[in-house]
Amino acid sequence: MAEKLGRNAYLTKNTGDFASEIIIGGKKFIKADDLRYGTNPHQPAAFYIPEGSKGAIANMKTLKSGKNGLSQTNLEDISGALNIVKYFDEPACAVMKHVNPSGASVMRKGESLVDVYKKARDCDARAAFGSVIAFNVKVDAETAREIMSTFCECVVAPDFEEEALAIFNDQETYKLNKQIRILQCGDIASIPRYVGDDPEGDANTMKILCDGSLVIAAPLLTNVRSAEDLPPASGENKACGAHTSTVVPTEAEMADLLAAWYINISVRSNGVVIVKNGQTLAVGTGEQDRVGAVEQAIEKFRQKYTGENSLEGAVMSSDGFFPFYDAVETAAKAGIKAIVAPSGSLKDADVVKRANELGVALRHAPERVFSHH
């Protein structure tokens, strides 16, 4: 007998703490596994997949299991990391920690996969301790050795070389990572990327409120399919007049702006992402004010980045518009040369004008991408 949970949701009883099946909005979900725990160890949790799903996570295979399996946080980090690397045709890596990327990177000319991984990890090597790592390509042995040199929870990728799997299973040489979990995801191309990619609503998001109420929303997808979808910023108001960005980004800067925008989609708002040469140099996340997110990212770079780069010549993405031009001034002072953000501020014209004065290229995205996990 089914116990009614709400207008569109029913719970089918089973012998465990969680139902073997649930129905939400007319869609059946099958319990795939009891999890190690939920967000915290005192919270029991279970993992459900849509019936008949061909999704990348629903069809994930465990190639090496840790002692106690996966937690809810592991799965959320896997989801967030795959949600970043799905956007790139080039090899890409995302290092996820507590549902935010500590770093991400895309392959540039002359680089190997291990270079891509180190770029992602070393954006914030301290935060990468105990992280979840995702790739959009097969993981090779050299990359596996580098991963095993520091502690991490999970590695997820479409495939792994046999030698890489042997390294992940070598508990004598790599004692630090005896409990590492190695997961082969399903087809990453099955994950929706752009607005219109999810006509059946299979990727709808669900948020349970504090009293058990449920919000179902369309997935956060983007209209940005290429750099051409990021035109020069423009704005007009009575006090400032009409202004359009006159600073033209280089080809490399445009590629980095596009990468920064895609990564920003999986950053908790208010969020900004600073990128240079296909690598995040800093991620500002979870701030209540826009300029605070920029300041946080710059300060994190100064305190925590382990590479030889500086912010000079980097680009920045913002998931929301700039209500004032202070964030642009802060970014420019740190050496950032190009920025992408959505329009919508009453002071868009003032922001564009100031960016022109500072020699910063400003591009407008066609949407806001707030992510409130």
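The values are calculated or read from the model by the stated rules, or taken from the named source; none is laboratory data. Keep in mind that this is a model prediction, so the values were computed, not measured. All Cβ positions, even for glycine, are placed from backbone atoms using ideal geometry, and neighbour counts span all protein chains on display.
Being among the acidic types (Asp, Glu) and part of a loop (DSSP other than H, G, I, E, B) is the filter here, so list the residues in the range 305-357 that pass it. Within the range 305-357, 308, 312, 319 qualify. When residues in the range 35-86 are screened for being in a strand (DSSP E or B) and basic (Lys, Arg), 2 of them pass. Looking only at the range 224-251, residues that are out of contact with any strand residue (DSSP E or B) (no Cβ under 9 Å at 6 or more places or on another chain), closer than 19 Å to residue 274 by Cα and assigned to a helix (DSSP H, G or I) come to 1 in all. Of all the residues in the range 160-194, those that are acidic (Asp, Glu) and surrounded by 12 or more Cβ atoms within 10 Å (Cβ to Cβ) number 3.
Looking at residue 369, is it outside any loop (DSSP other than H, G, I, E, B), modelled with pLDDT of 95 or more, among the hydrophobic types (A, V, I, L, M, F, W, C) and crowded, with 22+ Cβ neighbours inside 10 Å? No, not satisfied.
Counting only strands (runs of 3 or more DSSP E) that fall entirely inside the range 130-209 and contain at least 3 residues that are in contact (Cβ under 8 Å) with a residue 12 or more places away in the chain, the qualifying elements are 131-135, 152-157, 181-184.
With the condition kept exactly as written, say whether any residue in the range 285-294 is in a loop (DSSP other than H, G, I, E, B), under 23 Å from residue 83 (Cβ atoms), in contact with a strand residue (DSSP E or B) (Cβ under 6 Å, 6 or more places away or on another chain) and modelled with pLDDT under 95. Within the range 285-294 (the criterion being in a loop (DSSP other than H, G, I, E, B), under 23 Å from residue 83 (Cβ atoms), in contact with a strand residue (DSSP E or B) (Cβ under 6 Å, 6 or more places away or on another chain) and modelled with pLDDT under 95), the answer is yes, since at least one residue qualifies.
Condition check for residue 300 on (1) without any contact (Cβ under 8 Å) to a residue 12 or more places away in the chain; (2) over 18 Å from residue 247 (Cβ atoms): one failure, at (1). Once the range 96-106 is narrowed to residues that are among the hydrophobic types (A, V, I, L, M, F, W, C) and touching an Asp or Glu at 6+ places or on another chain (Cβ under 8 Å), the residue that is nearest to residue 39 (Cα to Cα) is 99.
Taking the criterion of being over 17 Å from the mean Cα position of the chain (by Cα) and more than 17 Å from residue 125 (Cα to Cα), the residues of the range 280-310 that qualify are 288, 289, 290, 291, 292, 294, 295.
Scanning the range 230-256 for residues that are under 19 Å from residue 345 (Cβ atoms) and either among the acidic types (Asp, Glu) or free of Cβ contacts under 8 Å to residues at least 12 places away in the same chain (or both) yields 236, 238. Number of residues in the range 19-34 that are part of a loop (DSSP other than H, G, I, E, B) and either in contact with a Leu (Cβ under 6 Å, 6 or more places away or on another chain) or within 18 Å of residue 214 (Cα to Cα) (or both): the value is 3. With respect to being under 16 Å from residue 312 (Cβ atoms) and either among the basic types (Lys, Arg) or not in a loop (DSSP other than H, G, I, E, B) (or both), residue 258 falls outside the description. Applying the criterion of being surrounded by 16 or more Cβ atoms within 10 Å (Cβ to Cβ) and in contact with a helix residue (DSSP H, G or I) (Cβ under 7 Å, 6 or more places away or on another chain) to the residues of the range 39-62, the residue that is farthest from residue 190 (Cα to Cα) is 45. Looking only at the range 325-336, decide whether some residue is touching a Pro at 6+ places or on another chain (Cβ under 9 Å), modelled with pLDDT of 95 or more, outside the structural domain of residue 90 (by TED's automatic domain parsing) and among the β-branched types (Val, Ile, Thr). Within the range 325-336, none of the residues are touching a Pro at 6+ places or on another chain (Cβ under 9 Å), modelled with pLDDT of 95 or more, outside the structural domain of residue 90 (by TED's automatic domain parsing) and among the β-branched types (Val, Ile, Thr).
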